[in-house]
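These notes concern the structure reproduced below.
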Ligand SMILES: [Zn+2]
């Protein structure tokens, strides 16, 4: 089987990813990317990671996301249950070679290495997107002085179905997590984790 190109990348800034061309065009016309593309481009210049490396990171993250999808969905459910309405991102930590995927709240001032106008703009758009936009952040070790590099990947994908189902489940589950019917929860999450062919292709 031939691996298909997973995402469309904005060629203006090289920083925004889309599940399909149509999603990219709509984000440019009405989604607000046109207004911030230049700022993203300037930032990308400041902290240069080549488009090829960005695409590589994106593919790597998607691979690890698919691999740990059920566990991630469960973490998302718990986060939504305990922090209703708060935006979050998926942190992919490659500093310790584990490729660990973790849910982190989108804090505007205290996420280490993630701050500034673009971060604020990105978080606001994720919050507004009603599940259409996801934010992936990758942490990796840089060669200079063993530092840590951070890259945020705003990604629009067609996961409204998963988003709606997660939100509904988070709302209907009782407040006390110890009383959750885990058999039921696991069953719903496993169904949501099933790959959907159209997930990355249509809007
Ligand atoms: Zn752009």
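The values are calculated or read from the model by the stated rules, or taken from the named source; none is laboratory data. Please read all numbers here as calculations on a predicted model, not as lab measurements. Neighbour counts run over all protein chains shown; Cβ positions are idealised from the backbone, glycine included.
Which condition does residue 146 not pass, out of (1) at pLDDT below 85; (2) under 15 Å from the mean Cα position of the chain (by Cα), if it passes all the others?
Single failed check for residue 146: (2).
Looking only at residues in the stretch 1-30 that are without any contact (Cβ under 8 Å) to a residue 60 or more places away in the chain and under 17 Å from the mean Cα position of the chain (by Cα), which one is nearest to residue 119 (Cα to Cα)?
Out of the qualifying residues, it is 14.
Could you tell me which of the residues 102, 98 is more than 21 Å from residue 8 (Cβ to Cβ) and touching a strand residue (DSSP E or B) at 6+ places or on another chain (Cβ under 7 Å)?
Testing whether each residue is more than 21 Å from residue 8 (Cβ to Cβ) and touching a strand residue (DSSP E or B) at 6+ places or on another chain (Cβ under 7 Å) leaves just 102.
Can you list the helices (runs of 4 or more DSSP H) lying wholly within the stretch 1-100 that have 3 or more residues being within 16 Å of the ligand (Cβ to nearest atom) and modelled with pLDDT of 85 or more?
Counting at least 3 such residues, we get 21-26, 33-46.
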